[in-house]
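The values are calculated or read from the model by the stated rules, or taken from the named source; none is laboratory data. Predicted model, so just to flag it, every value in this text is computed and none were measured. Here Cβ is always computed from backbone atoms with ideal geometry, including for glycine, and neighbour counts include all displayed protein chains. Side chains are part of the model used for accessible areas, which takes the heavy atoms of the whole protein and leaves out ligands, DNA and RNA. Shrake-Rupley method; radii C 1.70, N 1.55, O 1.52, S 1.80 Å.
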Amino acid sequence: MPATLVFTTSGSCANIDLMYNHNPATGIAGTMQYVPSVAEDATWNPATSPTLICTPPAGTFPDIGNSALFNEACPTGAAGPPVTVHNTKGPVQGYVLAVPEASNERAITYEEAYFVFGFGATAGMIAPWTDPTQIFIRTVTKSTLVAWSFQLGIPAAKMKG
């Protein structure tokens, strides 16, 4: 039987919430992208063909979801999956803290990162990370920030930078 892969790109925590709760407020809405079956278009090429879009019927929920995070790092995932969801852990994704090449710093300890990102550079506690205009973080919905905040024990919305 021919199959068509239909997908939407969302953040990890949004995907987990959608899979765990099937919440209509966070359900699949608007347009989605799709890869046509060979029967539909045998010449379609993801590198050269135009993006194909469709609009799913209201109340549509995915059969498969993915996340770049351990589900427990997201608010919805903390309690674990419902019995209707099978959670399979896949490959590990590494995250790094990066500094400019010209920086003398090559490492930051867990404790230093906790104070810098948990309390902010303006507290001046951890040299040389004392200039708040030079500490950059991702937005609260990005897996990079959620993963770091989870590992540091700081709520994602409270990360400084």
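Return a yes/no flag: does the range 106-115 have any residue that is of a type outside the set (Val, Ile, Thr), surrounded by 15 or more Cβ atoms within 10 Å (Cβ to Cβ), part of a loop (DSSP other than H, G, I, E, B) and over 16 Å from the mean Cα position of the chain (by Cα).
So far as the range 106-115 goes, no, none of its residues is of a type outside the set (Val, Ile, Thr), surrounded by 15 or more Cβ atoms within 10 Å (Cβ to Cβ), part of a loop (DSSP other than H, G, I, E, B) and over 16 Å from the mean Cα position of the chain (by Cα).
Tell me which residues, restricted to the range 130-154, are farther than 22 Å from Asn66 by Cα and either β-branched (Val, Ile, Thr) or open to solvent by 50 Å² or more (accessible area, probe 1.4 Å) (or both).
If the condition is that a residue be farther than 22 Å from Asn66 by Cα and either β-branched (Val, Ile, Thr) or open to solvent by 50 Å² or more (accessible area, probe 1.4 Å) (or both), then Thr130, Asp131, Pro132, Thr133, Gln134, Ile135, Phe136, Ile137, Gly153, Ile154 are the ones that fit.
When you check Thr60 against the structure, is it open to solvent by 60 Å² or more (accessible area, probe 1.4 Å) and more than 21 Å from the chain's Cα centre (by Cα), yes or no?
No; evaluated as a whole, the condition is false for this residue.
Output yes when any residue across the range 40-52 is touching a Phe, Trp or Tyr at 6+ places or on another chain (Cβ under 8 Å), surrounded by 15 or more Cβ atoms within 10 Å (Cβ to Cβ) and farther than 30 Å from Pro155 by Cα, and no when none is.
Checked the range 40-52: at least one residue is touching a Phe, Trp or Tyr at 6+ places or on another chain (Cβ under 8 Å), surrounded by 15 or more Cβ atoms within 10 Å (Cβ to Cβ) and farther than 30 Å from Pro155 by Cα.
Among the listed residues Val85, Val99, which satisfies the condition of being β-branched (Val, Ile, Thr) and either open to solvent by 40 Å² or more (accessible area, probe 1.4 Å) or outside any loop (DSSP other than H, G, I, E, B) (or both)?
Val99
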